[in-house]
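Data block below; observations after.
Derivation of every value follows stated rules applied to the coordinates shown; laboratory data play no part. For clarity, every value in this text was computed on a predicted model and none was experimentally measured. Please note: Cβ atoms are built from the backbone with ideal geometry, for glycine as well, and neighbour counts cover all protein chains shown.
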Amino acid sequence: MKIHEYQAKELLKSCGVPVPLGEVADTAEKALAVAERLGYPCVIKAQVHAGGRGKAGGIQLVRNRSEAEKHIARILGMTLVSHQTGPEGKLVRKLLVEQGLDIIKEFYLAIIIDREEEMPVIIASSQGGMEIETVARDHPQAIFKMHVHPVTGLSACHIRNLAFKLDLSKVQQQNFSNLLINLYELFLKSDASLVEINPLIVTANDEVLALDAKINFDDNALCRHPDIAAWRDVHEEEPLEVEASKFELNYIRLDGNIGCMVNGAGLAMATMDIIKFYGGEPANFLDVGGATSVEKVKEAFKILLADKNVRAVFVNIFGGIVRTDLVANGIVYAAKGLEIKIPIVIRLVGTNEEEGMRILRESQLNFVTENVLADAVRRVVELAKGD
Amino acid sequence: MSILINQDSRVIVQGFTGREGTFHSTQMIEYGTRIVGGITPNKGGQIHLDKPVFNTVEEAVKETAADVSVIFVPAPFAADAIIEAALAGIALIVCISEGIPVLDMVKVKHFLCTTSSRLIGPNCPGIISPGKCKVGIMPSRIHSPGKVGIISRSGTLTYVAVDQITRENLGQSTGIGIGGDPIIGTSFVEALQLFKDDEQTEALVMIGEIGGTLEEEAAAYIGKNFNKPVVAFIAGQTAPPGRRMGHAGAIVSGGRGTAAEKMAVLKKNGVHVVENPAEIGATVKKILG
C-alpha cells in the first residue's frame, strides 16, 4: 500500500525522524494560512501517489503571499501528469505547505528488502534528488549499499560506513546516525516494503532532515497495522480495482479489449500472455481465486463489463479441486442476472469438464465454448476484433 | 525414486482441525499419504479424521515420529508455525499459507539456516510424488506416476502443465510448488540439485514468473551442472511493470525481473523455453521422443 508524502512525514516525525515544518491543506484558504504562518520562502507540494511531481509542475517554491496565492490556486485541483501517473494524470486534492530550508547537501537514502540476499538493505547515494534508477545507470559508483542481517540488526558500523561514504562531518554524522536508527526502526515496526528519502538534506546548521518521503507497506502485514491501513486513499487507485478489492478479487486494469477471468495468479498471467501471443490485447489481469463462488463470479463479470474498452470476455478456468460443473452453474447463474451484450468465450478444463461444458452450451446464453486453449484464445481474439 | 517425499513419509498437519486443514487432510488421506496426526493448540487429545490431535509439534513428533509437516494455519501465524516445526526437528516443512508478511519470512529464512529443516513455500500448492505421497493441495486426479519432474512458482498454471504431461502419457516423478512469495524456503536451484540425482526424473519442467532472480540463478546452474532436458515457461510476459500480479513476488521493479530477461538467459543456457503455455506437454514429449 502507498501513502501520501504528508502521511509519511507524520509517521517519520512520530518516530523521531526530522522533517521540515509544514502542514497539509485541502482548500486554498487553508493552504495560504499555513504559508502565512510558516513565513516565506515556503514550498507548495501537490499530494498525489506518484513521483516526478517537480517536473510536472506540482512543486513550487514561493517567496511571498502573492506568489503563494497564485501557485496554490494553480496546483490545487490541477491534473498532474508525470511519467508515473499515466497519460490521464492524477487530480491534486491536497497540498503540503512546508518551510523553505537553507540546503547545503542533498543525498538519497532508502531501505528495502533485497530479495536475493533475503534481508533489508540500506541504499544511500551522494546524488540526492535524482531518481535512483538514473543514478544506478549513469553513476553506479555514487550508490552505496549496506545489508542488515536480522541477527545483528542495524549496528553502529553500518551507519559509520555510510556516513563516511557520504563524506559527512562529525556533527552531521551524529545527526545522520540518529535519523537512520529511527528510520530503520520505523521500517521494521511498520512492516514497510520501501522507505525512500529523496532528498535527505543537510542544512546550513548541519541538521539532517527528510525533505521528501515515500513509504510503501507490505499488504500482507496491514492486518497488524490498522492505523496505517486507515491511510489508504482510494482516490489514488483505479476505481474498478477498488471495487474488485471489496470482493477479494485480484484485478489489475490494462489497456486492451479482451476481458479475462481466470483462477490462479500464474494462470491469469499466462492467459494474458497467450492472448498477446495470438495477436490480442488483454484488458485486465483477474484472478478469481481457488474456491470460485457464484457471487464472486458475478462480481467479477460486473467489473469486467464495467470496463467500456472490453469487446469480448475470455473465461479460462482449470478445475482442480473445484468441480467445473459447479463453476459452470455459477457462470450461468451470474450471467443470467446481468445483461451481457458482448461475446463470452469459455474454456473449462478439469474435474467434470464434459458436464461443465454441457451446462454452458445448454444455458441458452450467448456463450462460445472451446476445450483447446489455443482455439479458445484464437476465437476470443477474433471476436474482439470483429464488429 | 522420487525426491523429498515417498510412501514412507510420516506427515503431520499444522492447522489440522480448521476448514482448510480438514478438507485437504481428507484429500491427502484418500490419496494414500500417511497422515499420522495433526496439531491444533488446545485441542490436544482429541481425534480428528481418525488421527490424533496434539497441542504442539514437539509432542506430535515424539508420539508419531513424523518427519514431514504441512502448514495450513492463517498467514499472520504461519511464520510461528514454521519455526515451531523446525524446532521440533521436522525434516521437511511444507507451508501452504498465503499472505505471510515478508519481514516474518526474513527472520524465518535466516533462522532455518541454523537448523537441518527444509522449507517448501510459503504460498505454494505443496509437493507430490504421484502414486506415493501428496503433501499439499494439488488435485490428485490430474497426476500420474512418471518421468517428468516439475518445479513451479505457481499453482493453477502448474496443474495445467501437469495435466498436459499426464495426457502425453509421460507422468511426473515429483512436482514441487516452490511458492509465489518474494522470500521462499527452497529455490529453483535447490530443487534442481535434488532432481539431478533422481533416477526416475528424465526431464524437467520449470514454471517461473516475473519478479526476482530465481530463474536467472536456475539458468546459470542448468548451464553448468544439469544434464537432463529442461522445458520452461515464464508467466507475465505482458505484465505491466511496477504492478504485483496476484502473487506477492510477481512484480517487475526497477526494470528487473522481466519475463523477457528470464527467457533469454534460460535459452542461452540450453533450456527449451516455450512462449505458449499450451505447448509445455507437447514440447516435453518431443524431446523425450
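Pairing the Cα long axis of helix A:373-385 with the longest principal axis of chain A, what angle in degrees results, from 0 to 90 and rounded to the nearest 10?
80
Near the amide H of B:LYS228, under 5 Å away, which other amide H atoms are found, from residues 5 or more places off or on another chain, if H is placed in the peptide plane?
The answer is none.
Determine, for A:ASP325, A:ASP114, the number of other Cβ atoms within 10 Å of each Cβ, and report the residues in order from fewest to most.
A:ASP114, A:ASP325
Taking the Cα centroid of region B:75-113 and of region B:228-282, what is the distance between the two, rounded to the nearest whole Å?
Taking the Cα centre of each part, region B:75-113 and region B:228-282 sit 27 Å apart.
Given q = 0.12, 0.13 Å⁻¹, what are the Debye log10 I(q)/I(0) values for region B:1-154, with equal point scatterers placed on the Cα positions and solvent ignored?
Reported log10 I(q)/I(0), two decimals: -0.45, -0.53.
Sort A:GLU117, A:GLU362, B:GLU279 so that the residue with the fewest other Cβ atoms within 10 Å of its own Cβ comes first and the one with the most comes last.
Least to most surrounded, the residues fall as A:GLU362, A:GLU117, B:GLU279.
Restricting attention to the alpha-carbon atoms of chain A, what are Rg (one decimal) and Dmax (integer), both in Å?
25.7, 80
Order these peptides, B:154-166, A:364-376, A:263-275, by their mean beta-carbon neighbour count within 10 angstrom, highest first.
Details: B:154-166: 26.2, A:364-376: 15.8, A:263-275: 28.5.
Packing proxy ranking, top to bottom: A:263-275, B:154-166, A:364-376.
First check a/c for region A:114-184, with a ≥ b ≥ c the square roots of the eigenvalues of its C-alpha gyration tensor; if it is under 1.5, answer rounded, and if not, answer prolate when a/b is larger than b/c or oblate otherwise.
Taking the square roots of the gyration eigenvalues as a ≥ b ≥ c, region A:114-184 is oblate.
When you look at the Cβ of every residue in A:219-226, what mean number of other chain Cβ atoms sits within 10 Å?
Counting other chains' Cβ atoms within 10 Å and averaging over A:219-226 gives 4.
I'd like the Karplus ³J(HN,Hα) series for region A:44-53: coefficients 6.51, -1.76, 1.60, θ = phi - 60°, whole numbers in Hz, and an x wherever there's a Gly or Pro.
Karplus values, whole Hz, x for Gly and Pro: 9, 10, 5, 9, 9, 7, 7, x, x, 5.
Ranking B:CYS113, A:CYS15, B:CYS95, B:CYS133 by Cβ neighbours within 10 Å, fewest first, what do you get?
Listing B:CYS113, A:CYS15, B:CYS95, B:CYS133 from fewest to most nearby Cβ atoms yields B:CYS113, A:CYS15, B:CYS133, B:CYS95.
So for chain A, taking the charge dipole from beta-carbon charges (+1 Lys/Arg, -1 Asp/Glu), which of A:TYR40, A:PRO150, A:GLY129 sits furthest toward the positive end?
A:TYR40
I need the calculated FRET efficiency for the pair A:VAL151 and A:GLU355, taking r as the beta carbon distance and R₀ as 45 Å, to the nearest 0.05.
With R0 = 45 Å, the Cβ-Cβ based efficiency is 0.20.
Which of rounded, prolate or oblate describes region A:255-387 when judged by the alpha-carbon gyration tensor and an a/c cut-off of 1.5?
Judged from the Cα gyration tensor, region A:255-387 comes out rounded (a/c under 1.5).
If r is the Cβ-Cβ distance from A:ASP138 to B:THR56 and R0 is 41 Å, what FRET efficiency results, to the nearest 0.05?
So, using R0 = 41 Å, E works out to roughly 0.15.
Among rounded, prolate and oblate, which fits region B:217-289 when a ≥ b ≥ c are the square roots of the eigenvalues of its C-alpha gyration tensor, a/c under 1.5 means rounded, and a/b larger than b/c means prolate?
Working: a/c = 2.76, a/b = 1.59, b/c = 1.74.
Oblate.
Quick check on my link table: of A:LYS45/A:LYS165; A:LYS189/A:LYS214; A:LYS2/A:LYS105; A:LYS189/B:LYS109; B:LYS109/B:LYS228, which ones sit more than 25 Å apart, alpha carbon to alpha carbon?
From A:LYS45/A:LYS165; A:LYS189/A:LYS214; A:LYS2/A:LYS105; A:LYS189/B:LYS109; B:LYS109/B:LYS228, over 25 Å: A:LYS45/A:LYS165; A:LYS2/A:LYS105; B:LYS109/B:LYS228.
To the nearest whole number, what is the average tally of beta carbon atoms from other chains within 10 Å of the beta carbons of peptide B:268-278?
3
What does the helix-only formula give at 222 nm for chain B: each DSSP H stretch with n ≥ 4 adding -39500 (n - 2.57), the total divided by the residues, and the result rounded to the nearest 500 deg cm²/dmol?
-10000 deg cm²/dmol
Less than 14 Å Cβ to Cβ from A:ASP273, Lys/Arg counted +1 and Asp/Glu -1: what total charge do the surrounding residues give?
That sum, taken over residues with Cβ under 14 Å, equals -2.
May I ask for the angle, rounded to the nearest 10°, between helix B:259-268 and the longest principal axis of chain B, with both axes built from Cα atoms and the value confined to 0 to 90°?
70
What list of ³J(HN,Hα) couplings, whole Hz, do you get for region A:25-41 from phi and the Karplus terms 6.51, -1.76, 1.60, once you set θ to phi - 60° and write x for glycine and proline?
So the Karplus estimates, Gly and Pro as x, are 9, 10, 9, 5, 4, 5, 5, 5, 4, 5, 4, 4, 5, 6, x, 10, x Hz.
If I take R0 = 45 Å and measure r between the Cβ atoms of A:VAL121 and B:ASP197 in this structure, what FRET efficiency does the formula 1/(1 + (r/R0)^6) give, to the nearest 0.05?
On the way: r = 35 Å, r/R0 = 0.77.
Between A:VAL121 and B:ASP197 the formula returns 0.85.
Could you please tell me the mean projected area of the C-alpha convex hull for the protein assembly as shown, averaged over all directions and given in square nanometres to one decimal?
Orientation-averaged projected area of the Cα hull: 31.3 nm².
Could you tally the net charge around B:GLY171, taking each other residue with its Cβ under 11 Å from the Cβ of B:GLY171, Lys/Arg +1 and Asp/Glu -1?
0
At 1.306 mPa s and 10 °C, plugging the Kirkwood radius over alpha-carbon pairs of region B:78-207 into Stokes-Einstein gives what diffusion coefficient in µm²/s? If you can, show how the numbers build up before the last one.
Working: Rh = 14.8 Å.
Approximately 107 µm²/s, per Stokes-Einstein.
Structure shown: which of A:LYS246/B:LYS107; B:LYS134/B:LYS285; A:LYS9/A:LYS302; A:LYS296/B:LYS107; A:LYS308/B:LYS262; A:LYS385/B:LYS286 lie over 27 Å apart, alpha-carbon to alpha-carbon?
Flagged as over cut-off: A:LYS246/B:LYS107; A:LYS9/A:LYS302; A:LYS296/B:LYS107; A:LYS308/B:LYS262; A:LYS385/B:LYS286.
Would you mind checking the radius of gyration and Dmax of chain B based on alpha-carbon positions, in Å?
Final numbers for Rg and Dmax: 18.3, 56 Å.
What's the angle, to the nearest 10 degrees (0 to 90), between helix B:214-225's Cα axis and the longest principal axis of chain B?
Helix B:214-225 sits roughly 70 degrees off the main axis of chain B.
Count, for each residue of B:245-254, the Cβ atoms from other chains sitting within 10 Å of its Cβ, then give me the mean as a whole number.
Mean partner-chain Cβ count within 10 Å for B:245-254: 5.
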